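Please read the structure below before turning to the comments.
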Amino acid sequence: TNTQTVKADRGFIYDRNEVLLVYNRSDYSFFVDLRMLSVSEKDKLAKMFSKVIGKSKRHYSKLLKASGKTICLEKKVPFEKSLDLFEYKNPAFFYVEEPVSVFQYGSLATHILGYVDNDYKGVNGISKSFDEVLRGKDGFRMVERNAMGDIISISEKQTRPSVPGDDIYLTIDKRYQAIVEEELKQSLKLTSGESATCIIMNPNSGEILAMANISDYDPNYFWKYGDFERKNRAITDSYEPGSTFKAITL
């Protein structure tokens, strides 16, 4: 028997017209206890993961030759691919469900939305500033497993369900945001500039309708980018308006 944490789903993020920008899905990370696995089973496991994931068999064979006790063969495999891996049964083999935030439109509004790291915590943007609202409250359950690692029973008395996070509705308009980002990309091509920034605001209310920086990044693959791409220059970098500000003075 052991206690399992039941991760709470993060809240969704929508634009002003209730267009879904960020949602969640469940991926799975796969582990193996090397002390309980024979050489033949290691070879079988390497072949299976290579076929399902698409990496070379040599890659997994090398991992399975490690000197550690428990190793991770693959992190955050989508549910569709995980179905084939679930069929493998061995006491040394187990998996953990891991919720993942999905940014529906890739890099669209990325500096506004921020991203969610591998610990399921919001980093930058709305994902960080409203992390307490979005993340919800984790639950737990007491489970009993057999020798193969399959769950036999769950104790209802020792179970507390998770509480999902609240949804957030932004003032951003997805249509305006897409137009702004496309125009900024075109401007960089024409000027050979390093970066471009644009903000569209409703002057009567102060609502931000669009905010973009190019170059940007895809929050679904945030680790592939550097600080320059991830920084929201629209709110962090100083800007001297010069002559365009004389009308305000007047």
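Odds and ends about this structure:
- Amide H within-cut-off set for GLN104, under 5 Å, with H built and near neighbours excluded: VAL22, TYR23
- Against the chain, whose longest principal axis is taken from its Cα atoms, helix 39-53 shows a tilt of about 30°.
- Note on region 94-250: Rg/Rh from C-alpha atoms, Kirkwood Rh, equals 1.14.
- Spin-label pair ALA66-MET36: with each label point 7 Å from Cα along the Cα-Cβ axis, the two points sit 1.7 nm from one another.
- Solvent-accessible surface (1.4 angstrom probe) belonging to ILE179, in square angstrom, nearest 10: 100
- Taken over the C-alpha atoms, region 10-101 has Rg and Dmax values of 16.4, 57 angstrom.
- Loop-located GluC sites (Glu not before Pro) in region 191-250, at most 15 other Cβ atoms within 10 Å (DSSP): GLU194, GLU207
- Protein accessible area in region 1-130, 1.4 Å probe - carbon and sulfur %: 50
- Protein heavy-atom accessible surface, 1.4 Å probe, per residue over region 59-174: 58 Å².
- Within the straight-line cut-off of under 23 Å between alpha carbons, the lysines reachable from LYS55 are LYS42, LYS44, LYS47, LYS65, LYS69, LYS75, LYS76, LYS81, LYS89, LYS224, sequence neighbours fewer than 8 places apart in one chain being disregarded.
- When you restrict to C-alpha pairs under 8 Å that are six or more residues apart and normalise by the size of region 93-195, the relative contact order lands at 19 percent.
- For region 52-168, convex hull volume per residue from C-alpha positions, Å³: 166
- For the chain, the relative contact order is 24 percent, taking Cα pairs closer than 8 Å that sit 6 or more residues apart in sequence and dividing their mean separation by the residue count.
- Residue-by-residue Karplus 3J(HN,Hα) for region 81-98, coefficients 6.51, -1.76, 1.60, Hz, glycine and proline x: 6, 5, 4, 5, 7, 4, 5, 6, 10, 6, x, 7, 10, 8, 9, 10, 6, 10
- Solvent-accessible area, 1.4 Å probe, carbon plus sulfur percent, for region 153-227: 52
- The HN-Hα couplings worked out from phi for region 220-235 by the Karplus form 6.51 cos²θ - 1.76 cosθ + 1.60 (θ = phi - 60°) are 5, 9, 4, 5, 7, 10, x, 5, 4, 6, 7, 7, 7, 5, 5, 10 Hz, whole numbers, x standing for Gly and Pro.
The values are calculated or read from the model by the stated rules, or taken from the named source; none is laboratory data. Model, not experiment: these values are computed from the prediction. Cβ coordinates were reconstructed from backbone atoms using ideal geometry, including for glycine residues, and neighbour counts include every protein chain displayed. In case anyone asks, the SASA skips ligands and DNA or RNA and just uses the protein heavy atoms, side chains included. Shrake-Rupley method; radii C 1.70, N 1.55, O 1.52, S 1.80 Å.
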